[in-house]
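What follows is a set of notes on a single structure, which appears directly below.
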Amino acid sequence: GNDTINGEVVAAEDVVLTSTPTDELTINEDGSVSVAPGTVDGTYTIEYTICEVANTDNCDTGTVTVQVAIAPNLRPGDAIQLYFNGVPQSKPGKTTNFPFNNLDRGEYITHAVIFDKAGKQVGKSEPVTFFVRRSAIKAP
């Protein structure tokens, strides 16, 4: 990971990440965010806290916001494929849940492509740019 204490990168075992799952979102132990299957279109938030293991009073909090939308719904036989920084992330399929794990700080671009049952591209989303900013905690 790239969380820091006094500007120094710390290992995951040096910090404690806590969060209470919502019906739609879960922050996993590695810091990735999972969207529950069947989550309907909408914007969802989940809060988290990160604390230094050596000094549990040294903490920082944050909020993750995720927007979920597919319109119109996939037709029977359609498949969706996610592209992440221009690279396909698996074969086209039915899932609309694409977790991003262990991302470093920075800017990322993603978009989705819809294919019909013959494998022909029938739709493409606009690119979405997002930024990963990880919390840093300061030693007292």
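The values are calculated or read from the model by the stated rules, or taken from the named source; none is laboratory data. Values in this document were obtained by computation on a predicted structure and should not be read as measured data. As a convention, Cβ positions derive from the backbone with ideal geometry for all residues, glycine included, and neighbour counts pool all protein chains shown. These accessible areas exclude ligands, DNA and RNA; they are computed on the full protein's heavy atoms, side chains included. Shrake-Rupley method; radii C 1.70, N 1.55, O 1.52, S 1.80 Å.
Quick rundown of the values:
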quantity	calculated
At 1.306 mPa s and 10 °C, Stokes diffusion of the chain via Kirkwood alpha-carbon radius, µm² per second	94
Accessible surface of the chain [probe 1.4 Å, protein heavy atoms]: carbon and sulfur percent	51
In Å², nearest 10: area of K124 left accessible to a 1.4 Å probe	130
Which of I114, T95, V35, positive extreme of dipole for the chain (C-beta unit charges)	I114
Restricting the stretch 1-66 to GluC sites (Glu not before Pro) in coil, as DSSP defines it, with at most 11 other Cβ within 10 Å	E29
Mean separation of Cα contacts under 8 Å, 6 or more apart, over the residue count of the chain: relative contact order %	25
Long-range lysine pairs (8 or more apart or interchain), the chain, Cα under 18 Å	6
